[in-house]
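Novice: Once you've had a glance at the structure underneath, I'll fire off some questions.
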Amino acid sequence: MIIQDIRNIAIIAHVDHGKTTLVDGMLKQSGIFRANQIVQERVMDSNDLEKERGITILAKNTSVRYQGYKINIVDTPGHSDFGGEVERVLKMVDGVLLLVDASEGPLPQTRFVLRKALELNLVPVVVVNKIDRPDARISEVVDEIYELFFELGANDEQLEFPVVYAVARDGMATMDPDEPGTDLKPLFETIVNHFPAPQGDPEAPLQLLVNNTEYDTYVGRIAIGRISQGTIAAGQTVTVIDHDGNTRNFRTGRVYVYEGLERVEVPKATCGEIVVVSGLEDIKIGETIADKDNPVAIPPIKVDEPTLEMT
Ligand code: GDP
């Protein structure tokens, strides 16, 4: 079954190429916020260490709405793979937006994440941003991106990526750099039409791989992941399967989905959605949250020691 109204994507960008600005523009156009006050306070790049290193370490998720679609945007770490985080984050999405500055072109720090995305068979879309820059060299940068995809072993389909041109700062996107658009509609259209919708059966036994965990001051330990199949509800008894196949039962606390920059509590969520679940004490990354009567694990993602890769 295809979950037509959801798209799960990640944005890969070198720091300062305009990711925050683009997401803010999408949030504004999706009308989630009346004022941009909250957008100003967003945390996507607020971590000092990230600024210092020119990369994004913490994954912060956002969602925007376009017509009948909900687009979950999972933030990716920059180039460093902290304990396999890149892979874990990318496993939650079906496509990646590669955002590139029209003057600087693709920079080496994004290679690692892009290569992982291509290896995982994710569908790419390229956004060439800041085409308003006087020193923009749009067609050269597009050539450099093709070259990069080629070097990283993109398959034939991936090499046919659409290119959207943007001035994120003005909330503008266009498919033709010689014809400036008026808003981000061309980008939204490309996202909903080019990226595959999630697949899964909402009636099947629950399966949810825990891609990340966090600690929340109010609800304690929380698990973040994408529902592969079935439905998860607040207060439901579930079976958690660990790395060795051992199981333990829990009652879920609350279930949240992403709306804009916030987490919104919902009574239940179905497959395709990226959810936050509380109440699962000691839950670990790589464990599966499963149906209690039919517990089947999803093969976990290897959690490596941190590596720092530049190629
Ligand atoms: P991030 O680090 O990728 O999140 O980048 P930001 O969104 O913080 O943007 C970095 C800088 O680029 C900011 O000063 C933005 O105002 C600027 N910027 C973003 N989009 C555009 C654009 O389309 N054109 C120009 N000229 N500048 C932009």
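Novice: To the nearest 0.05, what FRET efficiency results for residue 243 and residue 16 with a Förster distance of 45 Å applied to their C-beta separation?
Specialist: On the way: r = 38 Å, r/R0 = 0.85.
That gives a FRET efficiency of 0.75.
Novice: Of all the C-alpha pairs in the range 138-197, what % are more than 17 Å from each other?
Specialist: Summing the P(r) tail past 17 Å for the range 138-197 gives 48 percent.
Novice: With no solvent and one point on each alpha carbon, what is the Debye value of log10 I(q)/I(0) for the range 59-215 at q = 0.10, 0.13 Å⁻¹?
Specialist: For the range 59-215 at q = 0.10, 0.13 Å⁻¹, log10 I(q)/I(0) is -0.39, -0.66.
Novice: Ok, one more. Order 205-214, 139-148, 249-258 from most to least packed using the mean count of other Cβ atoms within 10 Å.
Specialist: In decreasing order of mean packing, 205-214, 139-148, 249-258 become 205-214, 249-258, 139-148.
Novice: What aspartates and glutamates does residue 70 reach when the alpha-carbon gap must be under 19 Å and sequence neighbours fewer than 8 apart in one chain are set aside?
Specialist: Filter leaves 5, 24, 94, 183, 189, 201, 259, 262, 265, 273.
Novice: Now, a different point. Only Cα pairs under 8 Å and at least 6 apart count here; give the relative contact order of the range 163-248 as a rounded whole percent. Kindly include the intermediate steps, with their values, before the conclusion.
Specialist: Values: 103 pairs, mean separation 15.3, N = 86.
This gives 18 percent for the range 163-248.
Novice: Moving on. Just the number, please: Stokes-Einstein D of the range 152-311 in µm²/s, Kirkwood Rh from C-alpha pairs, 20 °C, 1.002 mPa s.
Specialist: 118
Novice: Also: Could you work out Rg/(2.2 N^0.38 Å) for the range 102-162, with Rg from alpha carbons only?
Specialist: 1.12
Where a number appears in this text, it was derived from the coordinates with a stated rule and is not lab data. Predicted model only: the values in this text are computed from it and were never measured. Quick reminder, even Gly has a Cβ in these numbers, built from the backbone with ideal geometry, and neighbours come from all protein chains shown.
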